[in-house]
């Protein structure tokens, strides 16, 4: 089955701890994205990567870090510097060619709660 | 500054009738538009898209209309079914210029029995 997986579904952490959210895809997509959703808000872009070993900041990158060592994987680390980390985090992927991304497909999301 | 606006936070429609969800955008560089459907605690699922070279795209019960001069698009669902109750996000991008997809804040659709 092809798709995007995010784990875990629910994650709890103490304030001040870093936490890494997993995102894996087997769709052979080139580009991967991380979004954050807060109640009553749309999806806001945190980081994105169009090719392996390269990534760019989105609109709300402060307090987050990413890596793209493999095409299939794009983990997101929520650091202690992120002021409001409690949110629903969504990973997405798409094909990318000729400087243009295709439709993005989303994983099931991870709900992070910082206590 | 919101580049993609969904001005109706919620909408209630009788089962079997037509649901019309609206979306406005401000960036004239947008050339690709998408609609996503989202259930609580799940990731959005792609519904339908339209390129700026078209003014209509249809897929089963879903039709998206694009009015470039008004910078407006709409999603029509007909007939509406109970499973259509969800949050619908409008999104837009300027392909080849900036690969970011900009999302609206969503409209919650309630299908009434």
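In region A:93-114, is there at least one residue being away from chain B (no Cβ under 14 Å) and either within 17 Å of residue B:103 (Cβ to Cβ) or in a strand (DSSP E or B) (or both)? Scanning region A:93-114 turns up at least one residue that is away from chain B (no Cβ under 14 Å) and either within 17 Å of residue B:103 (Cβ to Cβ) or in a strand (DSSP E or B) (or both).
Note on region B:64-113: residues that are in contact with a strand residue (DSSP E or B) (Cβ under 6 Å, 6 or more places away or on another chain), free of Cβ contacts under 8 Å to residues at least 40 places away in the same chain and over 23 Å from residue B:29 (Cα atoms) total 1. Checked against (1) more than 14 Å from chain B (Cβ to nearest Cβ); (2) surrounded by 17 or more Cβ atoms within 10 Å (Cβ to Cβ); (3) farther than 20 Å from residue B:101 by Cα, residue A:81 passes all but condition (2). Checked against (1) in a helix (DSSP H, G or I); (2) touching a strand residue (DSSP E or B) at 6+ places or on another chain (Cβ under 6 Å), residue B:49 meets all criteria but (1). Take residue A:68 and tell me if it is within 14 Å of chain B (Cβ to nearest Cβ), more than 27 Å from residue B:33 (Cα to Cα) and surrounded by 15 or more Cβ atoms within 10 Å (Cβ to Cβ). It is false that residue A:68 is within 14 Å of chain B (Cβ to nearest Cβ), more than 27 Å from residue B:33 (Cα to Cα) and surrounded by 15 or more Cβ atoms within 10 Å (Cβ to Cβ).
Please specify each residue of region A:23-38 satisfying the condition of being farther than 27 Å from residue B:10 by Cα and either part of a loop (DSSP other than H, G, I, E, B) or away from every other protein chain (no Cβ under 14 Å) (or both). So that I can check it myself, show each step before the final result.
Step one: of region A:23-38, the residues farther than 27 Å from residue B:10 by Cα are A:23-33.
Scanning region A:23-38 gives A:26, A:27, A:28, A:29, A:30.
In this structure, residue A:41 qualifies as assigned to a loop (DSSP other than H, G, I, E, B), modelled with pLDDT under 95, surrounded by fewer than 15 Cβ atoms within 10 Å (Cβ to Cβ) and within 14 Å of another protein chain (Cβ to nearest Cβ).
Residue by residue through region B:1-21, note down the ones that are in a strand (DSSP E or B) and touching a residue at least 60 places away in the same chain (Cβ under 8 Å). Hits for region B:1-21 are B:4, B:5, B:10, B:11, B:12, B:13, B:14, B:19, B:21.
Kindly indicate whether any position in region B:12-19 is surrounded by 16 or more Cβ atoms within 10 Å (Cβ to Cβ), in contact with a strand residue (DSSP E or B) (Cβ under 6 Å, 6 or more places away or on another chain) and away from chain A (no Cβ under 13 Å). Talk me through it step by step, then tell me what you get.
First, the residues of region B:12-19 that are surrounded by 16 or more Cβ atoms within 10 Å (Cβ to Cβ): B:13, B:19.
Now drop any that are not in contact with a strand residue (DSSP E or B) (Cβ under 6 Å, 6 or more places away or on another chain), which leaves B:13, B:19.
Checking which are away from chain A (no Cβ under 13 Å) leaves us with B:13, B:19.
Yes, region B:12-19 has at least one match.
Mind listing just one residue for me: the one in region B:23-46 that is at the interface with chain A (Cβ under 9 Å from one of its Cβ atoms) and not in a strand (DSSP E or B) and, of those, nearest to residue B:87 (Cα to Cα)? Reasoning before the result, please.
Let us first name the residues in region B:23-46 that are at the interface with chain A (Cβ under 9 Å from one of its Cβ atoms), namely B:32, B:34, B:36, B:38, B:41-46.
Those left that are additionally not in a strand (DSSP E or B): B:41-44.
Working: B:41: 11, B:42: 11, B:43: 11, B:44: 9 Å.
Result: B:44.
The values are calculated or read from the model by the stated rules, or taken from the named source; none is laboratory data. Because the structure is predicted, anything quoted here is derived from the model rather than measured. Positions of Cβ are backbone-derived with ideal geometry, glycine not excepted, and every protein chain shown enters the neighbour counts.
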